[in-house]
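The structure appears below as structure tokens.
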Amino acid sequence: MKRPHVICHMMSCVDGKILSANWKDEEITNTFAGYFEKYHETFTSQAWMCGRITMERDFSGGVEPELQPAPHPIAREPFIGDADATSFAVAIDAHGKLGWESNTTGGDHIVEVLTEQVSDEYLYYLQRQRISYLFAGEKEVDFASVLEQLAALFPIETLMLEGGGHLNGSLLNAGLIDELSLLILPLADGTPQSPTTFEVSDYLSKGPATRLHLTQVQQLDNDVVWLKYRFKAA
């Protein structure tokens, strides 16, 4: 299967927690706010991917999609909203809930990953917005299919996987991650039942723990540690 090289890039506390809202300290939050993007930019990639909740919270602004009846039935096949795009924001949105103000976020063309159960009204909305989309399963997302289609439909050779924890866990469980870039912040969170870097959803059959190989350790300012790993199968 031809697919992009996948680098999971995340930032967490020492106990693996990834939600900065739980830190409850504005000074701490401001101190570390820029690390994630700063070190994301050190990689050469054509796309980044997040789950629906992360996209809604951090990128879409909670915009509601303006649904209208579709003028005709819409086939469940890929739609390319901008054939000239060279950088991409990939949103895993199985049920078709995200709304967008345009077909880009941060200058990157939006690609929605859907399941076939989404409505024609939502597909018509994406077409009107010129937002690209593809289908990756009838009811559940097949991430191997997602990566294969991203490589076939768009000029994507390297993809940054950037959460949330359940999205990361799904690709980890499927053996689809090649590298891990992990920024460890000098914080102990301790929030119970808060998502961590990798979470495997209850409906998935969890595989064995994944062996990683350390490739780099770098101490940054403000006591942040940057770890890089490659996965055994990569």
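A few points about this structure:
- Out of Leu159, Leu167, Leu153, sole residue that is open to solvent by less than 10 Å² (accessible area, probe 1.4 Å) and among the hydrophobic types (A, V, I, L, M, F, W, C): Leu159
- Taken over region 61-106, residues that are small (Gly, Ala, Ser) and touching a residue at least 60 places away in the same chain (Cβ under 8 Å) amount to 1.
- The single condition from (1) under 14 Å from Ala47 (Cβ atoms); (2) touching a helix residue (DSSP H, G or I) at 6+ places or on another chain (Cβ under 9 Å); (3) open to solvent by less than 40 Å² (accessible area, probe 1.4 Å) that Ser181 fails is (1).
- Region 1-119 holds helices (runs of 4 or more DSSP H) entirely within its bounds, and those carrying 3 or more residues that are at pLDDT below 95 and open to solvent by 60 Å² or more (accessible area, probe 1.4 Å) map to 26-32, 52-58.
- Flag: Ser170 does not match the condition of being part of a strand (DSSP E or B) and closer than 29 Å to Ala89 by Cβ.
- The listed residue being in contact (Cβ under 8 Å) with a residue 40 or more places away in the chain and either open to solvent by 30 Å² or more (accessible area, probe 1.4 Å) or within 19 Å of Ile18 (Cβ to Cβ) (or both), out of Val224, Val217, Val200: Val224
- The single residue among Phe143, Phe154 that is among the aromatic types (Phe, Trp, Tyr) and farther than 30 Å from Val14 by Cα turns out to be Phe154.
- Checking each residue in region 49-83 for being under 21 Å from Glu121 (Cα atoms) and among the aromatic types (Phe, Trp, Tyr) picks out only Phe79.
- Selection status of Leu183, touching a residue at least 40 places away in the same chain (Cβ under 8 Å), under 19 Å from the mean Cα position of the chain (by Cα) and part of a strand (DSSP E or B): yes
The values are calculated or read from the model by the stated rules, or taken from the named source; none is laboratory data. Small disclaimer: the values here were computed from a predicted structure and weren't measured. Every residue, glycine as well, gets a Cβ built from its backbone with ideal geometry; the counts of neighbours run over all protein chains shown. Remember, those area values only see protein heavy atoms, side chains included, never the ligands or the DNA or RNA. Shrake-Rupley method; radii C 1.70, N 1.55, O 1.52, S 1.80 Å.
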